[in-house]
Amino acid sequence: MKSLKYVMVELLAVLRNWKVLIPVIGVIVIPLLYSSIFLWAFWDPYGKLSDLPVAVVNEDKGAVFDGKDMKLGDEFVDKLKESKTFDWQFVTQEEAMQGLKDNRYYLAFEIPENFSAKATNVLDEHPDAAVFKFYPNESYNFTSSQMGRSAVEKMKGELSGELTKAYTETMFTNIHKLTDGVSAAADGAQKLTDGTKKVEDGIVQVSENISKLVEGAIPLKNGASELFDGAVQLEGGLTQLKQGAGQLTSGLGQLEDGHKQLAEGAKQSETGAAQLKSGLDGAADGAGKVKAGTAGVASGLEQYVAAHPDLAKDPAFMQIVETAKATASGADSLEAGQKTLAEGAGKLASGGGQLSAGMDMFGQKLGEAKQGGQSVEAGASSLIEGSAKLKNGLASLAGGVTQLSDGTIKLEEGAKSLTEGAGTVASGSSELSGKLKEATDQTSGIKDNDETYDKVSQPVKVDEEKLNPVPNYGTGIAPYFISLGLFVGALLLTIVFSLTEPAGAPKSGFAMFLGKLGFMLIVGTIQTVIVDLVALYGIGLEVKSVPLFFALSLITSWSFMALIQLLVTTMGNPGRFIAIIILIMQLTTSAGTFPLELIPDGLQRVNGWLPMAYSVPGFRAVISSGDFAYMWQNAAVIGGFGLGFALLTMIYFMITFKKLKAIGDTAVSAA
């Protein structure tokens with residue numbers, strides 16, 4: 001207990017020395033300046049965003065969507081005017097850009113002239129997204145640009161929701177139209193089913209007829225081949241016909257020449273026949289006379305024989321009598337023959353005339369026949385040319401018929417496939433009709449209203465349930481700045497208060513240690529109380545437990561004091577420099593601002609060796625989460641740090657005191 005009086009000695013020494021007391025008082029308020037001023041300045045910066053000037057440029061010209069005029073730019077501006085997110089300044093594009101250059105605006109938003117047009121081209125082949133431009137003035141203030149980005153994302157979400165709502169309303173309108181169309185399509189599909197069945201029946205018939213066509217195509221193919229052979233023979237026969245026609249024409253020419261001679265002979269024959277008739281008529285008269293004469297001679301001789309029977313015995317005379325009789329009989333025959341000749345000569349004369357007339361007619365017809373022969377020859381030439389073409393055409397026909405035959409076979413195969421396909425189509429169209437009717441029933445039951453549009457435009461809503469909610473930015477960073485203020489306060493105390501020169505004459509190293517540490521703990525306590533009171537009742541910091549908040553603050557402050565005492569006592573100014581290095585390391589590794597996982601891996605490894613790595617989460621537990629077990633866990637580590645630092649400092653003082661005492665005893669002995 002005797003050693004505790006040296007704490008009072010150190011305290012009274014400071015209180016009696018204004019040159020020391022005033023700086024100590026200044027050091028006492030340093031943690032207040034670091035923690036409370038910072039907290040006050042940044043307590044709720046987001047609550048004053050309405051004072052942040054932001055430029056807005058609206059150049060949107062609007063568009064027509066589903067027959068309605070849409071001016072999304074104007075609607076966007078109207079929403080901004082209702083919003084108090086920022087201090088909106090509605091200006092021109094030139095004014096906005098100049099304002100950013102002059103640092104009159106932290107941010108600028110520009111709605112381009114095609115904003116509505118691009119927002120409503122969702123049904124185009126290549127739709128473009130609607131774009132509004134965001135100009136952060138990062139060189140003026142980087143944090144404001146980050147806030148602006150958050151605001152942009154929020155506004156983009158709201159705009160997207162409004163657009164989606166408009167799209168949804170149009171979509172449901174078209175769905176109702178689609179329902180009518182689907183119903184009509186279902187009726188049409190049923191008709192298609194009926195028609196398809198008829199088509200299927202027709203295809204079966206076509207398939208059967210195609211089979212017959214295939215059967216008929218084979219004889220046709222053979223007939224075409226035979227027809228081509230006949231055309232070849234026809235061409236040969238026509239060649240012969242042409243040759244025969246030439247010979248005929250030549251023969252008719254010769255016949256015409258002979259006809260001329262024959263006609264002349266016929267005329268001469270006609271003349272001779274007339275003369276013959278005339279001579280025969282005269283001969284007939286003479287024959288009558290001869291008949292009469294020979295009859296008289298024969299009768300006279302018979303009478304003469306009768307008168308002279310003796311002559312009957314005379315063969316010679318009787319021969320004369322018989323001759324006379326025969327002559328009389330011949331005269332009869334002669335007369336009859338002459339008459340016949342006369343009649344024939346008449347007929348011959350008449351026939352000669354007819355022959356002469358016939359020869360004239362024959363000559364005329366013979367000329368015509370000659371001309372006909374020439375025509376036949378010319379026609380034969382034409383026929384030969386035509387037959388050549390006919391042969392070529394028949395060759396093509398034969399090839400085409402072959403292709404036709406092959407095609408009909410393939411057509412038959414295709415008809416079979418078509419029959420199968422028609423059956424599939426009939427089945428599918430029947431199924432389509434049923435599905436369309438189902439679709440009609442389903443779509444007709446769709447109900448659309450504002451609630452539906454809102455549901456589709458915002459299908460997901462965030463139900464935020466904060467775990468250990470933090471009311472504002474200042475509350476979130478309070479653990480960081482309170483720890484920082486207490487550490488800086490401990491460090492600055494060493495500048496105005498000597499940690500190695502005792503105010504009195506301590507009897508031991510422990511007494512010397514305890515005197516210095518006790519005074520530092522008193523200062524640390526005052527600093528802690530001031531900081532906590534101002535934070536709680538001046539700024540309005542809300543904590544889960546005020547007593548535990550004070551307790552953790554004291555443990556933290558005392559541990560920092562023990563650390564600073566160790567460094568400065570053992571090393572002086574180099575110790576202060578090391579303390580500043582530790583401060584810097586704690587600022588970066590204590591996860592007071594950004595999560596520990598976001599800093600470099602090398603710095604993360606240092607985290608567990610520094611006191612603020614435990615004071616910051618400890619303060620978060622007592623301020624926000626209320627996890628007091630976790631708070632005490634971190635407080636125990638911080639207290640362990642403090643006890644360890646204090647133990648090392650005590651050992652240092654005890655060793656130093658013994659050395660100083662040994663030096664003093666040696667000096668006394670020497671004296």
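Here are some notes:
- Breaking point among (1) under 22 Å from VAL531 (Cβ atoms); (2) surrounded by fewer than 19 Cβ atoms within 10 Å (Cβ to Cβ), for PRO574: (1)
- Filter pass, PRO53 being under 30 Å from THR593 (Cβ atoms) and at pLDDT 75 or above: yes
- Selection of helices (runs of 4 or more DSSP H) fully inside region 539-641 by the criterion of at least 3 residues being modelled with pLDDT under 85 returns 573-589, 601-606.
- Of the residues making up region 58-110, those that are surrounded by 13 or more Cβ atoms within 10 Å (Cβ to Cβ), over 13 Å from TYR135 (Cβ atoms) and acidic (Asp, Glu) are GLU59, ASP60, ASP66, ASP74, GLU75, ASP87.
- Single match in GLY282, GLY272 (criterion: modelled with pLDDT under 75 and surrounded by fewer than 13 Cβ atoms within 10 Å (Cβ to Cβ)): GLY282
- Residue identified as touching a residue at least 12 places away in the same chain (Cβ under 8 Å) and either charged (D, E, K, R) or under 18 Å from GLY538 (Cα atoms) (or both) among PHE487, PHE481: PHE481
The values are calculated or read from the model by the stated rules, or taken from the named source; none is laboratory data. It should be emphasised that the depicted structure is a prediction, and the values quoted were computed from it without experimental measurement. Glycine gets a Cβ as well: all are built from the backbone with ideal geometry, and neighbour counts include every protein chain shown.
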